[in-house]
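What follows is a short report on a single structure.
The values are calculated or read from the model by the stated rules, or taken from the named source; none is laboratory data. All of these numbers come straight from a predicted model, not from anything done at the bench. Reconstructed Cβ throughout: ideal geometry from the backbone, glycine too, with neighbour counts over all protein chains shown. These accessible areas exclude ligands, DNA and RNA; they are computed on the full protein's heavy atoms, side chains included. Shrake-Rupley method; radii C 1.70, N 1.55, O 1.52, S 1.80 Å.
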Amino acid sequence: MVGTGGLVATFSVWDYVVFAGTIVGAAGIGLFQAFRGRKDASSAEFFLGGRQMTAVPVAMSLTASFMSGVTVIGTPVEAYLYGTSFWLFGVSYVIMSTITAEIFVPLFYRLGITSAYEYLEMRFNWHLRIFGTLMYTMQTILYTALVIYAPALALNQITGMDLWGVLVATGAVCIFYCTLGGLKAVIWTDVLQMVIMLAGFVAVIARGAVLQGGLDKIWEDASQGGRLKAFDFDPDPLKRHTFWSILIGGSVTWMSVYSINQSQVQRYISCKTLCHAKMSLYVNMVGLCVTLSLAMLSGLTMFSIYKNCDPFTNSDVGSTDQLLPYLVMDILAVYPGIPGLFVAAAYSGTLSTVSSSINALVAVTMEDFIRFMFKNLTVKQTSWMNMGLSVFFGAVCIGMAGVASQLGSVLQAALSIFGMLGAPLMGLYLLGMFFPAANSIGGFAGMLLSLALTLWVGIGGQIYPPTTAKTNPLPISTAGCNSTLQYNTTTAASWTTPVTHTPQPDVRPPLADLWYSLSYLYISFLGTLTTIVMGLLVSVMTGGCKQAKLNSQLFVRKSNLGCFRCSSKSQASEKTEKGVSDFYAGADKSGFVHCDPTCGDFVEATKL
């Protein structure tokens, strides 16, 4: 009987067929894009799709890039264990998308950069550009390793496939179509994978509603189990999720992902006009909210089915991140091929994120390191270098996946990585974009202090996890279990608090329940604010206010806000790789140039 514990079915032949079809489809798109673009092997084509992409596919790719296997596996578990407070991230998505579209997109699009970290050299100096690139590389490798690990864990749970075999297969598929097809292959495979991901959630919700007697029953069970209490206005920064931590910390966390992360920047600057670039962010916002809602509903469906028999407490699964795969095999195995669709959904999210990360890592390595050391590479040499780096970074991400298994809950671990390594960079960009007085010394000092603080609190939180008094997991029950791995009789009625974190160390230092218990969402806010404040203070002390006038293109312009003038062909799409050199060629010794204030099109700088 569904929802009473015990062993569940495993993959059927049709499940393997559906799953394999997804992988073949992704690889086929890579081959198709490689064949289409075989006559153009330039970096602009490989990294930016020739700057001719349109809003809708880019928007779906933006959504799929970070709505990964972590989302498919982790978000429903969040609803199952903690309730619907995570749903408030929809507000964070709106704030993040608006700020990114109106502030960051016009700036990056106008400058016509390939690597997001080119901006740091334009605004500060080359050293900060390299430091920013290294931080991004470290963050992306760790996150990608986590993304590879999450669905591999799911596959291991419901198919019995070897965990490391799945990890290697994931990386190999992504390396294949990233190497051959570049950004166009990544974007169009993301579109396919996004559709499959959403279909997987719908299948779980629909089947659960049939079994439970409708969505109303699922909602009623969630209410009785305390899962619908989303709004907690407690200002305590140590509580894991409150309205304020999600609104403030969540918005800053996702801004560090979408505003300055190379994987995302590379997408919206590949659009053929600023209008398409901005629109891709707003369509992406809708996609994020839809994906979040389906994931949360899947979690509530899971609670309705297992409200009287928690599979984790009942030892039917070895990790909370295996709960949703267990549910899929429990309720969908009677429909051959549907469990395969779900695994394809989790796997598709992974493929989209891993391929995006590999393509972005290759882009920043080529633009920020290789081109600096080897200035006269031919197109053929560049093409071979791009492919070689794709293989290299794919292999590194696979190797790091073993580390991801030690990071606890995949969802929280992913957002913590963004906070620890993305927030100092986020603060540096905001410092440069809004404060002309900031100089490179201040920026470097602010980012170093911010990085030290975020790593201190983030790593401390992994070693000394917050207590349940701060994380607030909701009660679960094993009263209705018919069997367990240890017992063959029905258990006594019991409601317990789930153990969702690493076991607490025997000795906890005084900082464990204060500093280390800071909500993981506030790590981003702490890091961003520290970079800005310390950066300004050091800049003032080192003469930042007296520095020469800077290029006006490096700062946010009021004229870009809300501007949606769409031309058929922008200068940005024509300039490809020569924009940065033109930018520098147009500056005099003070770094100041004349600029056309029109909305969004790349402006050729003219020498004073």
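Roughly how many nanometres apart are two label points built 7 Å out from the Cα toward the Cβ at VAL210 and LEU247?
4.2 nm
Using θ = phi - 60° and the Karplus form 6.51 cos²θ - 1.76 cosθ + 1.60, what ³J(HN,Hα) does each residue of region 274-290 get, whole Hz, x for Gly and Pro?
Rounded to whole hertz, the list is 4, 4, 5, 5, 5, 4, 4, 5, 6, 5, 4, 4, 5, x, 4, 5, 5.
Go through region 370-384 residue by residue and turn each phi into a ³J(HN,Hα) via Karplus (6.51, -1.76, 1.60, θ = phi - 60°); whole Hz please, and just put x for glycine and proline.
4, 5, 6, 7, 10, 7, 10, 5, 7, 4, 5, 4, 4, 4, 5
Considering only protein heavy atoms and a probe of 1.4 Å, how much of the accessible area of region 269-360 is carbon and sulfur, as a whole percent?
Carbon and sulfur together cover 67 percent of it.
Describe numerically, in nm with one decimal, the distance between label points set 7 Å from Cα along Cα→Cβ at MET138 and at VAL379.
For the pair MET138/VAL379, the computed spacing is 3.9 nm.
By how many nm would the segment from ILE463 to TRP126 grow when fully extended, if each residue of separation counts as 0.36 nm and the alpha-carbon distance is taken off?
Stretched out fully, the ILE463 to TRP126 stretch lengthens by 117.8 nm.
Rolling a 1.4 Å sphere over the protein heavy atoms, what is the accessible area per residue of region 187-276, to the nearest Å²?
Per residue, region 187-276 has 34 Å² of solvent-accessible surface.
If each residue of separation counts as 0.36 nm, what is the full-extension length gain between LEU455 and LYS470 once their alpha-carbon separation is subtracted?
Residue separation times 0.36 nm, minus the Cα-Cα distance, leaves 3.4 nm.
Grab the beta carbon distance between ARG508 and LEU228, set R0 = 22 Å, and tell me the FRET efficiency rounded to 0.05.
Between ARG508 and LEU228 the formula returns 0.10.
Please tell me the relative contact order of region 212-348 in percent, rounded to the nearest whole number, where contacts are Cα pairs under 8 Å and at least six residues apart.
20 percent
Just to verify a number: what accessible area does TRP456 come out at with the full protein assembly present, 1.4 Å probe, Å² rounded to tens?
Taking all protein chains as shown, TRP456 has close to 120 Å².
Got a sec to turn the phi values of region 113-119 into Karplus ³J(HN,Hα) couplings, 6.51 cos²θ - 1.76 cosθ + 1.60 with θ = phi - 60°, whole Hz, x for Gly and Pro?
Per-residue couplings from phi come out as 7, 9, 9, 4, 8, 4, 4 Hz.
Using a cut-off of 11 Å between beta-carbons, work out the net charge of the residues near GLN212 (Lys and Arg +1, Asp and Glu -1, GLN212 not included).
Net of charged neighbours comes to 0.
Can you pull the one-decimal nm distance between simple spin-label points at PHE434 and VAL286, each 7 Å off the Cα toward Cβ?
Rounded to a tenth, the inter-label distance reads 2.9 nm.
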